[in-house]
Amino acid sequence: MVCGGFICTKNALSALNVVYIMVSLLMIGVAAWGKWFGLVSSISAVAAVIGVGVFLLLVAFVGLCGALKHQQVLLFFYMMILFVVFVLQFSISCACLALNTDQQNQLLEVGWNKSEVTREDVEKTLDCCGFSSVNQTTSCPARCFAAPQSCSSCSQILQQYAGDVLHFVGGIGLFFSFTEILGVWLTHKYRNLKDPRSNPGAFL
């Protein structure tokens with residue numbers, strides 16, 4: 001059978017969802033591993049990554065079941081959810097790639113002020129104190145705080161990596177957004193193909 005036929009489309013859609021399942025399990029595993037070994041102490045960050053992983057796992061499971069059984073209802077909901085995820089992910093990825101230095105700094109400061117646990121993690125990991133300046137009247141878990149004059153503000157260090165990280169995240173997001181629109185196209189095509197092994201009138 002040609003690659004545009006029923007079997008090839010079914011296999012391609014199934015393979016795509018198997019990849020999504022592997023990615024979701026990897027996300028859940030890495031987040032749990034990071035929390036278990038104390039690499040990340042922020043519960044909200046770990047919960048967010050695990051939540052995204054579980055959501056992706058459920059969506060991929062729906063798509064895989066729909067592909068294997070050629071179930072029209074499952075395929076329809078899978079296609080709609082995947083399209084919404086594509087729009088959101090594509091928009092966020094483009095925003096990550098388009099942020100300038102001032103916007104990156106504002107975004108970092110919002111994140112800095114939002115979570116005290118994350119702030120302490122950054123200060124300890126990067127050996128810096130404060131966001132824009134070192135405040136000697138407050139406590140800081142960084143090693144350099146023993147001699148505050150030698151400490152740098154965390155914004156100076158974060159800005160060195162923020163652009164590269166955002167470009168990396170935006171590039172990965174764009175890559176996966178194109179796989180999602182591929183999934184939408186495959187699902188739409190697959191829903192309108194007739195299973196050659198079934199009753200010719202069963203699809204109608």
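Quick notes on this structure:
- Residue within the stretch 154-171 that is polar (S, T, N, Q) and in contact with an Asp or Glu (Cβ under 8 Å, 6 or more places away or on another chain) present: yes
- Residues that are polar (S, T, N, Q) and open to solvent by 60 Å² or more (accessible area, probe 1.4 Å), drawn from the stretch 108-120: ASN113
- Filtering the stretch 66-99 to residues that are open to solvent by 50 Å² or more (accessible area, probe 1.4 Å), closer than 25 Å to LEU193 by Cα and in a helix (DSSP H, G or I) leaves LEU68, LYS69, GLN72, VAL73, LEU74, PHE76, PHE77, MET80, ILE81, PHE83, VAL84.
- Where SER132 falls short, out of the listed (1) open to solvent by 80 Å² or more (accessible area, probe 1.4 Å); (2) in contact with a Ser or Thr (Cβ under 8 Å, 6 or more places away or on another chain); (3) part of a helix (DSSP H, G or I): (3)
- Restricting the first member to the stretch 105-132 and to residues that are within 23 Å of GLN149 (Cβ to Cβ), and the second to residues that are of a type in the set (Lys, Arg), the beta-carbon pairs closer than 9 Å and six or more apart or on different chains are TRP112/ARG119; LYS124/ARG143; ASP127/ARG143; PHE131/ARG119.
Rundown of residues vs (1) open to solvent by 50 Å² or more (accessible area, probe 1.4 Å); (2) modelled with pLDDT of 85 or more; (3) assigned to a helix (DSSP H, G or I); (4) closer than 16 Å to GLU180 by Cα, yes/no style:
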| position | (1), (2), (3), (4) |
| --- | --- |
| GLY4 | no, no, no, no |
| SER24 | no, yes, yes, yes |
| MET27 | yes, yes, yes, no |
| ALA31 | no, no, yes, no |
| LEU39 | yes, no, no, no |
| VAL49 | yes, no, yes, no |
| PHE61 | yes, yes, yes, yes |
| LEU64 | no, yes, yes, yes |
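- GLU123 vs. criteria open to solvent by less than 30 Å² (accessible area, probe 1.4 Å) and farther than 30 Å from LYS10 by Cα: yes
- Checking the stretch 165-186 against the condition returns no match, with no residue being surrounded by 14 or more Cβ atoms within 10 Å (Cβ to Cβ) and assigned to a loop (DSSP other than H, G, I, E, B).
The values are calculated or read from the model by the stated rules, or taken from the named source; none is laboratory data. Only a predicted model underlies this, so the values are computations on that prediction, with no experimental measurement involved. Because the Cβ atoms are built from the backbone with ideal geometry, glycine has one as well, and the counts that use them run over all protein chains shown. Each accessible area value is taken on the protein alone, full model and side chains, heavy atoms only, with ligands, DNA and RNA left out. Shrake-Rupley method; radii C 1.70, N 1.55, O 1.52, S 1.80 Å.
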